[in-house]
Amino acid sequence: MAKVKELSKYVRSKNAGPFWVTIEIFCDNKENYEKIKESPNITKEKVAELYNTNPALIKKFNVDNLLVIKFSYPRPVPSGYRYENDMHSGQQYIRLAEMEV
Amino acid sequence: MKTCRILMPIGSLGAGINPEAFENGLTMKPDVIAVDAGSTDSGPAYLATGTCKYSRAMLKHDLEICIAGGKKLGIPVFVGSCGTCGTDNMVDLFAEIVEEIYRERGFTGRIARIYSQQDPNVLKKKFDEGKIYELEGAPVITKETFDECTNIVALMGAEPYIKAYEEGAEVVLGGRTTDTAIIAAMPIKLGCHVGAAWHGAKVVECGAQCTEDTEAKGVFLTVDEKGFLVTTLLPWARCTPYSVSAHMLYENVDPYRLTEPSGIVTTNEAVYTQVDERSVYVTGSKFEQAKQYTMKLEGACLVGYQTISLVGIADRAVMAEPESWIKNISEYVDTYIRKLGISPEDYSFNFKAYGYNAVIDGPVPAGTPAPREIGVLLTVTAKTQDLANQISKVFNPYLLHFPADPNVQLPSFAFPFSPAHIPRGATYEFKLYHIVKTEGPFELVRFKYNDIK
């Protein structure tokens, strides 16, 4: 077993407007990219569970030419709500990076 | 062949343009200097209060570089989403700074202001007519929401910039605008490939981030009748098909599809070619004109007042289970607050344990070692500032002494400030993530010109 962070070059997250977050897994070889892309553990459903959001609204993009797997999900609360913990969502990738592939 | 050259000096005006890179950009003979000055990334307060996140001095620094450069070459300067939030008063602030620069330097010329802040009554009428609809992930709104928002702006497209330019403006200062429209305006006006204009604008809207070296801050874009070329501003900075195409992922829900007021840009058939070490050429971008013109709305409203308290804890008993300590102090103090007759509807509070689990939501993985110390941030939100302060003061003795184990000597935790509580002022939330259908690009937009002689 290996974690996403061990099979990828880097993982990053960022807000995409106040209501969405987007996370990207950058790989540096096709073999690891395919492993993460096809993993039964790195799916829309799992990401929804991880980030407490509606699985029906999650979007997954397999960007083959860049070896990037990208997830976008609506935030359960808009950015800057009264008890915000990460305004720009820049640290939210950590949990996905820690997932077992 | 029709071409348009654009100097994009920085991803966010006011963050500090690199003058050397900018000068290089001028030697590349741009037709326009186009720059974005806004964003919702830093949260709702800027929009709700109509304020800018950058200092006036830095805004003037960046505006002066742009205006002096524009004057030197006799080319226009387009600045969009003035003052972070793009409200009317922020457009006026930018105009005031620009006019100050004109006076100081003895410049003359026409300055345009384009306003896109919205009257709630106009939007309420649109709402009744069914011309406002929500985007995926938007909060539920009612007609009253438009009055609750302290400021509402609509994101403009490229047309108002083109119009202001055609009316003779050499500096165009726009209210809230899509990041791309500010940059796409001139190539569209000059008859370049519309899909390439929009796609190229999206690639360069964060400045040098689409290159492999961000020191330049800015980047150069050339749009022609087939595609667009991205070139770095500093000679040693590299730009590759990878850096250019990867930037389409950044801060974007969908990397292949971008909705603009006038239509939809698609990039899934784009081809990225390395031209030289500093340049990448892109073809295959598409633009589909929409039958209905639409503008995205942004709105924020006041939701209460906050007071914060910060206390440092290294106590081993608390460190063994920080979450239990937070749960226990919360329940214990809340009982006192209720006893004071304060209605639960009028306040709420939240603890964050920095150094433990403040940043990453969810349970801390089993086996995580106990932290050496944590910073505990208490945030109280209440109907009034005074109530938030009073509740923070009820917490105060317990933030200082609340023990993890009542059977040991009373601990005293580490406050960095006196007084320990810090009134933070009003707190705001975004309320709108909606689209309004308009009668073309100008229905919700207003123009004002000032000729400086």
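The values are calculated or read from the model by the stated rules, or taken from the named source; none is laboratory data. Not measured: the values here are computed from a predicted model. As a convention, Cβ positions derive from the backbone with ideal geometry for all residues, glycine included, and neighbour counts pool all protein chains shown. With ligands, DNA and RNA removed, areas are computed over all heavy atoms of the protein, side chains included. Shrake-Rupley method; radii C 1.70, N 1.55, O 1.52, S 1.80 Å.
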Practice task
Averaging sequence separations of C-alpha pairs under 8 Å and six or more residues apart, then dividing by the length of chain A, give the relative contact order as a whole percent.
Solution key: 40
Completion exercise
Averaged over residues of B:243-252, the number of beta carbons from other chains lying within 10 Å of each residue's Cβ is 5
Problem - Cα centroid of the range B:335-384 to Cα centroid of the range B:124-158, whole Å - result: 33
Handout entry: For the range B:401-409, 3J(HN,Hα) per residue [Karplus equation, 6.51 cos²θ - 1.76 cosθ + 1.60, θ = phi - 60°, Hz, x = Gly/Pro]
Key = 10, 4, x, 6, 10, x, 8, 10, 4
Handout entry: the range B:302-431 shape via C-alpha gyration tensor axes, a/c threshold 1.5
Key = prolate
Practice task
Keeping all protein chains in place, calculate the accessible area per residue for the range B:302-431 (probe 1.4 angstrom), answer in Å².
Solution key: 53
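Within 10 Å of each Cβ in peptide B:359-368, how many partner chain Cβ atoms are there on average? Round it to a whole number, please.
Average per residue, whole number: 3.
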Completion exercise
Any lysines whose Cα falls less than 24 Å from that of residue B:339, other than same-chain ones fewer than 8 residues away, would be B:327, B:383, B:393
Handout entry: Buried area at the B-A interface (accessible, heavy atoms, 1.4 Å probe, summed, Å²)
Key = 3300
Handout entry: Eligible lysines near residue B:60 by straight Cα distance, threshold 30 Å, same-chain separation 8 or greater
Key = A:14, B:29, B:71, B:72, B:163, B:189, B:202, B:217, B:296, B:448, B:453
Exercise for the section: Find the relative contact order for chain B and round it to a whole percent, using C-alpha pairs within less than 8 Å whose residues are 6+ positions apart. Expected result: 20
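Contact order normalised by length for the range A:3-53, with contacts defined as Cα pairs under 8 Å and 6 or more residues apart; what percent is it?
Values: 38 pairs, mean separation 14.8, N = 51.
With pairs under 8 Å counted, the relative contact order is 29 percent.
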Practice task
Could you pull out the chymotrypsin sites (Phe, Trp or Tyr not before Pro) across chain A that fall in loop regions by DSSP (anything but H, G, I, E, B) with no more than 15 other Cβ atoms inside 10 Å?
Solution key: A:83
Practice task
Starting from the exponent 0.38 and prefactor 2.2 Å, build the expected Rg for the protein assembly as shown from its residue count and divide its actual Cα Rg by it.
Solution key: 1.04
